1. Got a sec? Which of N189, N216 is polar (S, T, N, Q) and either crowded, with 24+ Cβ neighbours inside 10 Å or at pLDDT below 95 (or both)?
2. Run G218 past the list (1) at negative phi; (2) touching a strand residue (DSSP E or B) at 6+ places or on another chain (Cβ under 6 Å) and report the number of the one that doesn't hold.
3. Using beta carbons and a limit of 7 Å, which pairs, at least six apart or on different chains, have the first residue in the range 321-347 and surrounded by fewer than 20 Cβ atoms within 10 Å (Cβ to Cβ) and the second one assigned to a helix (DSSP H, G or I)?
4. Conditions: (1) assigned to a loop (DSSP other than H, G, I, E, B); (2) over 21 Å from P254 (Cα atoms); (3) within 16 Å of the ligand (Cβ to nearest atom). I71 meets all but one. Number of the miss?
5. Check R134, R117, R110, R139 and return the single one that is under 20 Å from the mean Cα position of the chain (by Cα), away from the ligand (no atom under 16 Å from the Cβ) and at negative phi.
6. Where the second residue is part of a strand (DSSP E or B) and away from the ligand (no atom under 16 Å from the Cβ) and the first is charged (D, E, K, R) and lies in the range 55-79, which pairs have Cβ atoms under 8 Å and are six or more apart or on separate chains?
7. Could you pull out every one of the helices (runs of 4 or more DSSP H) wholly within the range 169-260 that has 1 or more residues that are touching a Lys or Arg at 6+ places or on another chain (Cβ under 8 Å)?
8. Being farther than 30 Å from V83 by Cα, acidic (D, E) and touching a Gly at 6+ places or on another chain (Cβ under 7 Å) is true for just one of D369, D343, D374, D380. Which residue is that?
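The values are calculated or read from the model by the stated rules, or taken from the named source; none is laboratory data. In this text the structure is predicted, and so the values were computed from the model without any measurement. Methodologically, a virtual Cβ is constructed for each residue, glycine included, from the backbone with ideal geometry; neighbour enumeration extends over all protein chains shown.
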Amino acid sequence: AGGRYPADAPASEALFDRARAIVPGGVNSPVRAFRAVGGTPRFMVRGEGPWLFDADGRRYADLVCSWGPLIHGHAHPEVVAAVQQAAALGTSFGTPTPGEVELAAEIVGRTPVEQVRLVNSGTEATMSAIRLARGVTGRSKIVKFAGCYHGHADGLLAAAGSGVATFGLPDSPGVTKAAASETIVLPYNDVAAVEAVFAADGAEIAAVITEAAAGNMGVVAPRDGFNQALARITHAHGALLIVDEVMTGFRVAPGGWLGLDPADADLVTYGKVMGGGLPAAAFGGRAEVMAHLAPAGPVYQAGTLSGNPLACAAGLASLRLADAALYRRLDETAATIQGLVTDALSKAGVPHRVATAGNMFSFFFTDADVRDYDGARTQDVAAFKAFFHAMLAGGVYLPPSAYESWFVSAAIDDAALEQIAAALPAAAEEAAAA
Ligand code: PMP
């Protein structure tokens, strides 16, 4: 086990100073800046299996896994080899390639979707799925749920989770009133609210978009039958259901959340795991719906680097390694870590709730049952902050926000578990004292 690291991190501090002068806030994605927890973000220089290594040469057991993609841990030899082989053949052609057909086939083989279009980020996937839903239905409004995050497209930033929740932002400046007025925001897990809005406005609603299981307000699983009720209500009113599996897809099960809890989605979005740590994402659905997309149909969508050969190679290698045994291991590892954290927090008398959705989980520092975003906001953020920093000092890298899921990889071994177990008692004490 790594012992305790000092609170300061000179090499990361120097890099952060340099970055802040030339990059807004010093980071290329807001949550990375540690604003919610304070202190200096650690600049990582290397990853290997379950470990991240920072610029000060410290080693952390990684429970973020690049925010979900790395189910095999860092620098898995087969994923690295696949990327190296692809790179040697050229990095981008701007033409169709065999690799993208293979990746599409792997996705279609594992999931309910019949056709997929590859894109570069989850944001693009959800943005494009919404355009397609509007194009297909000829309607303009969309329904989303408070605390769900679907990327940063204008219409989806209303009451969004993830970094927007972390920073307590209302809605982002720069999103026009026109864009915001097309989005109806409802409480997560509230079927009656969905029924009511469709009864009032149903003929104008193109789609409901929901996270397959919410992971961007901390983890909040759908109540039994919630996703199925969304399918029933949307279809009764001629609207589409878009299930966002960017986080859950190929992480919680071979076919994603819909493999565990089938619901009749019209469009499904994927990202993260399917790119193996390189930028790749996708949206898909029934062939008849996808046929509306250019060049087969009139709804336009495109990308210079879409289906990039390196990203497809990394994604394919990752998915091909993701067999039933891999998912059993992820589930077992998640359960082991939940047990360790629960024991430590209970011993220290820290109020907490462990929330799970398959092998995704997070801890809410609250006594309340968390079913939606209002519930998630009852947590004691100061306790999380103290806990986070003590874990970091103990060599464990947690998401630097109380509104994010924790992610495990199959590379987490006994040494990593020991490092986590060793860090926990002091972290639980810090959370109790906060
Ligand atoms: N949808 C969900 C459910 C997500 O969790 C995320 C990112 N965390 C996105 C969409 C956006 O993906 P990206 O960051 O790749 O744009």
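1. Among N189, N216, only N216 is polar (S, T, N, Q) and either crowded, with 24+ Cβ neighbours inside 10 Å or at pLDDT below 95 (or both).
2. Going through the list (1) at negative phi; (2) touching a strand residue (DSSP E or B) at 6+ places or on another chain (Cβ under 6 Å), G218 breaks only (1).
3. L321/E78; T336/L417; L340/I420; L340/A421; L340/L424; K347/A428
4. Every condition holds for I71 apart from (2).
5. Step by step, each of R134, R117, R110, R139 is checked, and only R110 is under 20 Å from the mean Cα position of the chain (by Cα), away from the ligand (no atom under 16 Å from the Cβ) and at negative phi.
6. Filtered contacts from the range 55-79: R59/W51; R59/L52; R59/F53; D62/G47; D62/W51; D62/L52; D62/H74; D62/Y397.
7. So the answer is 191-201, 257-260.
8. D369
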